[in-house]
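The structure under discussion appears below in the form of structure tokens.
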């Protein structure tokens, strides 16, 4: 593949990744206050909306059929346009039903971009380069999150929610339209299968993908809740943690990519799961506000190690299976999003420690099975 085509695809995906992350960060930052202060929703509405937000991720396998009628890089751009449209419309529909509609639109855009982004990265970049590209995308995503948070901090006292949704949604939509007019694709790329792919030889990839989704849901559903409920973290405390997390992630992600290239996925994922066992156990038993804040930051850092699951799959997969398997993998990852928050919430009512100890157990199982990873180290 010509180097200039790789460079075009790299720039294309970096721009769209920044847009995707900025859109999600805007939605997350404004969502709770907009829902409560403008729409007047309460707890059960918020829970329902969070479940709605995960539906498109669960339906990511449909990407396999969408790319029958539209090229994959065009679908990436279209997804960003859809994400921007969902944000743009949010301020115009300040009701529960309106939020369900705009959340679905935004989420379809975000999740379908994430699916096609991972697929295109693994198709266009070789096994030596893809870890670095995936890590660079995460670094840019962290930087985008910081910038969006700072912008909202300064403009929130000046503009209405509706205006902020229009500004961010409009800018993201325009970038998506720009990308839709570009053609970074290489016609000589290996053709992708246009049907669902489920193979027994990919079982470890499927398992690790599911467990990554389960661990993500325990973190998203219960870690922040623990910080607020038990330790009394304020909005300012959470915001500070968010800035620290993204600042650290900006610098650490390139190192993760280099680690994969030098030492391989088994070592990286073994480190992740070993320390996650300790982190989840500590969540259950620590009584220090400072320590639980440190655990939250460590949790965020280890989340980035999941890049190793994607690069491991690239090494074992038939190159023609990448697009379909990325879609199936995204759906498997989101199965946990449908089930775990409800079950974990019930277990929390019995004892808040149980969801975190379950996370430690999941991490232990993952640590054991990740030892089955067998890939040749790519020579540098």
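Numerical summary
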| quantity | calculated |
| --- | --- |
| Residues located in the stretch 62-78, provided they are farther than 24 Å from residue 175 by Cα and surrounded by 20 or more Cβ atoms within 10 Å (Cβ to Cβ) | 64 |
| Complete set of residues in the stretch 311-324 that are modelled with pLDDT of 80 or more and part of a helix (DSSP H, G or I) | 311, 312, 313, 314, 315, 316, 319, 320, 321, 322 |
| Any hit, the stretch 151-164, residues being modelled with pLDDT of 90 or more, buried (at least 20 other Cβ atoms within 10 Å of the Cβ) and within 26 Å of residue 238 (Cα to Cα) | yes |
| Residue within the stretch 308-317 that is more than 21 Å from the chain's Cα centre (by Cα) and free of Cβ contacts under 8 Å to residues at least 24 places away in the same chain present | no |
| Some residue of the stretch 79-95 being out of contact with any helix residue (DSSP H, G or I) (no Cβ under 8 Å at 6 or more places or on another chain) and either surrounded by 22 or more Cβ atoms within 10 Å (Cβ to Cβ) or outside the structural domain of residue 224 (by TED's automatic domain parsing) (or both) | no |
| Residue match in the stretch 202-211 (condition: assigned by TED's automatic domain parsing to the domain that holds residue 326, assigned to a loop (DSSP other than H, G, I, E, B), over 30 Å from residue 240 (Cβ atoms) and modelled with pLDDT under 90) | no |
| Residue list for the stretch 154-186, restricted to those being part of a loop (DSSP other than H, G, I, E, B) and closer than 11 Å to residue 78 by Cα | 181 |
| Residue under evaluation residue 136, criteria (1) over 13 Å from the mean Cα position of the chain (by Cα); (2) crowded, with 22+ Cβ neighbours inside 10 Å, criterion not met | (2) |
| Every residue from the stretch 141-164 that is under 21 Å from the mean Cα position of the chain (by Cα) and farther than 17 Å from residue 240 by Cα | 141 |
| Test result for residue 101, out of contact with any strand residue (DSSP E or B) (no Cβ under 9 Å at 6 or more places or on another chain), assigned to a helix (DSSP H, G or I) and touching a residue at least 60 places away in the same chain (Cβ under 8 Å) | no |
| Qualifying residue in the stretch 348-357 (condition: at pLDDT below 75, within 25 Å of the chain's Cα centre (by Cα) and assigned by TED's automatic domain parsing to the domain that holds residue 205) | yes |
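The values are calculated or read from the model by the stated rules, or taken from the named source; none is laboratory data. None of these values were measured; they are calculated from a predicted model. Every residue, glycine as well, gets a Cβ built from its backbone with ideal geometry; the counts of neighbours run over all protein chains shown.
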